[in-house]
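These notes are about the structure you will find just below.
The values are calculated or read from the model by the stated rules, or taken from the named source; none is laboratory data. Computed from a predicted model, the values in this text were never measured in an experiment. Positions of Cβ are generated from backbone atoms using ideal geometry, with glycine treated the same way; all protein chains shown enter the neighbour counts.
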Amino acid sequence: MTTYGEPGSLEDPATHAEPGVGGDLTTTAERIRRAVESVIEGKPEVVRLALTVLLAEGHLLIEDVPGVGKTMLAKALARSVDCSVRRIQFTPDLLPSDITGVSVFDQQRRDFEFKPGAVFAQIVIGDEINRASPKTQSALLESMEERQVTVDGHTYELPSPFMVVATQNPVEMEGTYPLPEAQRDRFMARVSMGYPSPEAELRMLDVHGVVPPLEDLQPVAHAHDIVKLVEAVRRVHVADSVRRYAVDLVTATRHHPDLRLGASPRATLHLVRAARAAAALAGREFALPDDVQALAVSVLAHRLLPTAQAQLGGRTAEQAVLDILRRTPVPDPSAQAAWRQARRL
Amino acid sequence: MTGRTRLAVSAAAATLAASCAMLPLVDKSAWILQAAFLLALQSTVGALARRVPLARPLTVAAQALVTLLLLTVAFAGEQAVAGLLPGPDVFREFGQLLQEGTEDVGRYAIPAPATAGIRLLLVGGVLVVGLTVDAVAVTYRSAAPAGLPLLALYSVAAGLGQGGSGWLWFLAAASGYLLLLLAEGRERLAEWGRVFGGRRTAPPAPGPAPGGASPGPVRTGRRIGALALGIALVVPAVLPAMESGLFEPKGRAEAAGPGGGLTSVKPLVALQDSLNQPANRELLRLRSSAENTRDLYLRIVALDRFDGASWQTTERPLTELPAVLPTPAGLAPGVRTTRIDTTVTASAGYAQNYLPLPYPAEEVRTEGRWRYEPEGRILTGERGQTTRGVRYQVASLQVEPTAAQLASAPAPPEQVLRAYTQVPRSLPPVVAQTARKVTAGSANAYQQAVMLQDWFSVGGGFQYDTQVASGTGADAVARFLEAKRGFCIHFSFSMAAMARTLGIPARVAVGFMPGTPTADGSVSVGSKDAHAWPELYFEGIGWTRFEPTPGRGTTPEYAVAEQAPGAGPGAAPAPAPERSAAAPAAPQDTDACPPAQKKLGECRPAPGQAGGGQSSGGPSAAAVTGIAVAALAALGLPLLPMLWRRRVRARRLGGPDLHPDAAADAMAAERTLAAWRELTDSAWDYGILPDDSRTPRAAAARIVTAGALEGEAAASAGRVAAAVEQVLYAPRPRPAPGLAGDVECVRAGLHAAAGRGARLRAVLLPRSAARLLWGFARRRSAAARRIRTGRLGASWRRAGRALRAARPRA
């Protein structure tokens, strides 16, 4: 029995490199991946997911215990792309205006001048995002979804590409505010770093013990390379049956007995977009149900609320998604035809 | 006891209770023990099969099989293979037993002796009904319709039985059914968890409920059931209009009511009445010393005067009943006679002022005031004397003349001729013409009589029908000859009238034809045995009985037309060509079946005409062919999955290979998907279950790992999966050539990696043949849906709603 979302399941045979998408995209993506992996040891799947989210124009939530390299991943990703990077350390006394910016009265010009906040960058690293108050967390909402900031009635466009990479600690409940559902829903994917393997940890000691690794990291791609990559990802074909499959999975979360809150339509959108990016990263010009399956846990699980019973029983949202993946049949051609018919009616 | 077990036990008990109603039909009751034992085994098999659990049809099949085995062991153990397995011999034995049983049922009056055939009918019937009830009520969990087979069982018993203690059996059968319904209700309620009785109507002092009290709904159900039973028993007894219903009280049944028997002094009127009565009621019971009671007709009265309006008895002076009756008129010493003694008991419900006697009686010993009429040899009750409850002994002669004696009979005496050949002037001439036409070519009076009899009973195309008005006048005879429908009165009157026109002295006897033998050797004569027949006079023999009514009574030996020439030295031959020429209305019979046999429906095709079948008792060629075909089918059935699988594979992988440059049309996609299906099904055959939730790539990967594929086989699996991905998900699919070869390569790889048992299984019993069953199931449910939504379904639903509305809400 293979598990879904297992590492390497997105690995494609070399023969599948598509001429239309391949080329630049794969090489650029590969360069970024290598650069990040030189910092984050032994976590290729996490790096790959981070890259997928970047190409799918999403935001990434990294959740794990302190010290496993959440911030390191975010910074490495930011550093390997030559673009503006801001880091916000979320604390309980952080104010919304610290994030969005504030209008200051300029004595000389006798006018209000807008001082952009930390969110005005191409990659924003929100460290320990759940330590800020919900009010401050919500300041990110507009910027994440609409890629703009509105302060005092003025709307300011954010630069492109724009990605928020946030980290949070799940176990350290003291002094943390859980992210509101609306906020969680805006992250395309959540990833857990997990502890590294002993070998990787040993290698890390060898390398990191001498030089801080980020110091050596040079940008390997420019921001406009990323914009081009995103354009290419948008052209990836998603067959009806694959869309149907994504819809089926998301619908199933709304009826699963262990879940109090299912995934939103935005989750469907994110799932298909992420599948596109994954297909492009694999060098394919069309998405497969395999892409959807591989991403389902990361894209869906953090938006779901398990029921109290499920929590008592120790069943998590991830397990519910895996269960749904096991139960939902991959649409076969006949089902596809039936769906088309149903849509026509 | 679990609910299911209780239900199974209730079903068996209900069947047994209903079959108790058959107890009075047979003189010994041991069969019910056998039936109960076999029924218990059958139910146990059902319970075990449900415990396993087997699929429902399999459960029923297992029970049916066990039932067959049980019946084989019980009834045809000697013919069985290894004493247990039913072979062709067993089925032949069953067939024979069933035939014997059916014949016995027809032959014996109730209670019948428990012959092997009857026992097989009873036990087999109970088991079949038991199987049906168990299947419907327990296996398919719907107890209410199980009442139908129970009702059928009870109806058979009630229909054959005779009143009496029927209410007891009804009570048993109905209680059994109610028990079954209650058990089902309990089980259904129990599915919802513990059942609370609800608030009591009169809340008693608080305290624990009595232990083991039934839940409220069950209690209510029991009350309703008991009430319904009570009403069913009491209401018919109270309502006067229903006294002829199922539960006729004994006292009433035996009272001489208007329909209670041949009470009329006009036997003819009563005759049709009793023939048309729905129930056969025993009137007389006799025990005879005769070896064969087939000829034991009981005569009440002789009608010797035909006045144009009716056949009547001439009023003649009566004498005291002599100790020994005089020799019958016209009987010469040369004729073989056998003296037989008969003891007759008339039932208390039979009041008739003529004493039914065999003809010719020699001595009659009886109580009561009976007087004798010498001409007709009739005993008449005097001053209200009737047969009610009378018991009497008769010594009579069984006259057995030969055909030769009859044929060579001299002319009757003048006064007999004068008295018994009179026909009224009003008799239509067609009667005499028909008589001459039918008997054309005959040499003597005897031949004429036989021809007339055979014309009525066989050749003339007459039909027996008791619903025809019993007109007796001269015109009625002509009408009957034209309509050719009637019953014994018409046949006997017409034959007697026609015989008279031919100059043969004739009269009509009214009485009873031979009754039904019973288990204890006595003969039961019932109201349905009432009969009329012509008596023709032959000098030297006397009054001789003939039997023109088709399907009733028995044709006497001497009146059976002789086919073989030289049956007697003096017998005038009656050549067949003349006969058929003489009776143009008769169908051209080419077979050698004598009319008498034909009349009784005993004619069978001659051995030479049976399509070359064996003339000995063995199975016919058709049967052998049938058995052979069935055996071949039975052998071929296990091969069906393999053959189906081969055909499917050939269809999926056949056809020309795709060209790499071929346009990605629908056919290419279809071919690719077919190859993919073949790949997954092949893997399934080798034990790798298909999984709907896997993508093509994941499924192929699983086949590679689970099937331990290596090298080229693994690559082939990957290629097929990639081709499927192209077809299913790519915007412009690229056709992949050589997929059939890839699939074969994967199959070869799976075959190589599998063990011997798995290989054999994959070929002989491919798992993917389950799709065949799924296909059937899908088609069946689709058909069911069509029926449900169609017009037929609508009317069915309407009927169901009407039924539900009519059913009282319990």
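Here the helices (runs of 4 or more DSSP H) wholly within segment B:386-502 that include at least 2 residues being of a type in the set (Ser, Thr, Tyr) are B:488-501. Can you find, within segment B:443-498, the residue that is nearest to B:TYR297 (Cα to Cα) among those that are among the charged types (D, E, K, R) and at pLDDT below 85? Restricting to residues being among the charged types (D, E, K, R) and at pLDDT below 85, the top hit is B:ASP465.
Which count do you get for residues in segment B:509-545 that are under 36 Å from the mean Cα position of the chain (by Cα) and part of a strand (DSSP E or B)? Residues flagged as under 36 Å from the mean Cα position of the chain (by Cα) and part of a strand (DSSP E or B) within segment B:509-545 amount to 16. Looking only at residues of segment A:279-318 that are surrounded by fewer than 22 Cβ atoms within 10 Å (Cβ to Cβ) and among the acidic types (Asp, Glu), we find that the one that is farthest from the chain's Cα centre (by Cα) is A:GLU285. Just one of the listed residues (B:TYR464, B:TYR392) is within 30 Å of B:SER522 (Cα to Cα) and in the same structural domain as B:THR554 (by TED's automatic domain parsing), namely B:TYR464. Taken residue by residue, segment B:724-738 has no member that is of a type in the set (Asp, Glu) and loosely packed, with under 14 Cβ neighbours inside 10 Å. Look at segment A:279-299: where a residue is within 17 Å of A:THR328 (Cα to Cα) and without any contact (Cβ under 8 Å) to a residue 60 or more places away in the chain and a partner is part of a loop (DSSP other than H, G, I, E, B) and of a type outside the set (A, V, I, L, M, F, W, C), sitting 6+ places away or on another chain with Cβ atoms under 6 Å, you get A:PRO289/B:THR695. Among the listed residues A:VAL227, A:VAL272, A:VAL210, identify the single one that is touching a helix residue (DSSP H, G or I) at 6+ places or on another chain (Cβ under 6 Å) and among the β-branched types (Val, Ile, Thr). Answer to the selection: A:VAL272.
Quick grid of which residues meet (1) at pLDDT 90 or above; (2) closer than 21 Å to B:ALA519 by Cβ; (3) not in a helix (DSSP H, G or I); (4) not assigned by TED's automatic domain parsing to the domain that holds B:ALA35:
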{"site": "B:LEU58", "(1), (2), (3), (4)": "no, no, no, no"}
{"site": "B:GLN63", "(1), (2), (3), (4)": "yes, no, no, no"}
{"site": "B:LEU71", "(1), (2), (3), (4)": "no, no, no, no"}
{"site": "B:GLU78", "(1), (2), (3), (4)": "no, no, yes, no"}
{"site": "B:ASP89", "(1), (2), (3), (4)": "no, no, no, no"}
{"site": "B:ARG92", "(1), (2), (3), (4)": "no, no, no, no"}
{"site": "B:GLU103", "(1), (2), (3), (4)": "no, yes, no, no"}
{"site": "B:ILE110", "(1), (2), (3), (4)": "no, yes, yes, no"}
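Filtered by the rule that a residue be surrounded by fewer than 18 Cβ atoms within 10 Å (Cβ to Cβ) and closer than 28 Å to B:VAL450 by Cβ, segment B:363-397 gives a lone residue, B:GLU375. In the set (1) within 10 Å of chain A (Cβ to nearest Cβ); (2) surrounded by 17 or more Cβ atoms within 10 Å (Cβ to Cβ), the condition left unmet by B:GLY707 is number (1). Among residues of segment A:76-87 that are at negative phi, those with a beta-carbon under 6 Å from a residue that is of a type in the set (S, T, N, Q) at least six positions away or on a different chain give the pairs A:CYS83/A:GLN122; A:SER84/A:GLN122.
Among all positions in segment B:647-656, there is no residue which is modelled with pLDDT of 80 or more, within 14 Å of chain A (Cβ to nearest Cβ) and loosely packed, with under 14 Cβ neighbours inside 10 Å. Pick from segment B:678-696 the residues that are surrounded by fewer than 21 Cβ atoms within 10 Å (Cβ to Cβ) and within 9 Å of chain A (Cβ to nearest Cβ): which of them is farthest from the chain's Cα centre (by Cα)? So, considering only residues that are surrounded by fewer than 21 Cβ atoms within 10 Å (Cβ to Cβ) and within 9 Å of chain A (Cβ to nearest Cβ), the one farthest from the chain's Cα centre (by Cα) is B:SER693. Determine which single condition A:THR52 fails, assuming it passes every other condition in (1) polar (S, T, N, Q); (2) assigned to a helix (DSSP H, G or I); (3) at pLDDT below 85. The one condition A:THR52 does not meet is (3).
Where helices (runs of 4 or more DSSP H) fall wholly inside segment A:243-345, the ranges with 3 or more residues that are within 11 Å of chain B (Cβ to nearest Cβ) and modelled with pLDDT of 90 or more are A:289-300, A:317-327. Do we have B:GLY601 as of a type outside the set (Asp, Glu), closer than 30 Å to B:GLU103 by Cβ, outside any loop (DSSP other than H, G, I, E, B) and modelled with pLDDT under 85 here? No.
Rundown of residues vs (1) touching a residue at least 12 places away in the same chain (Cβ under 8 Å); (2) in the same structural domain as B:ILE504 (by TED's automatic domain parsing); (3) basic (Lys, Arg); (4) out of contact with any Ser or Thr (no Cβ under 9 Å at 6 or more places or on another chain), yes/no style:
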position	(1), (2), (3), (4)
B:SER310	yes, no, no, no
B:VAL324	yes, no, no, yes
B:GLN352	yes, no, no, no
B:ALA361	yes, no, no, no
B:THR366	yes, no, no, yes
B:ARG377	yes, no, yes, yes
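Only one entry of A:ASP127, A:ASP216 meets the criterion of being assigned by TED's automatic domain parsing to the domain that holds A:PHE90 and closer than 20 Å to A:PRO44 by Cα, and that entry is A:ASP216. Answer yes if at least one residue in segment A:135-148 is within 23 Å of A:LEU61 (Cα to Cα) and part of a strand (DSSP E or B), and no otherwise. Looking through segment A:135-148, at least one residue is within 23 Å of A:LEU61 (Cα to Cα) and part of a strand (DSSP E or B). Every condition in (1) within 14 Å of another protein chain (Cβ to nearest Cβ); (2) touching a helix residue (DSSP H, G or I) at 6+ places or on another chain (Cβ under 9 Å) is met by B:PRO731 except one, and the failing one is (2).
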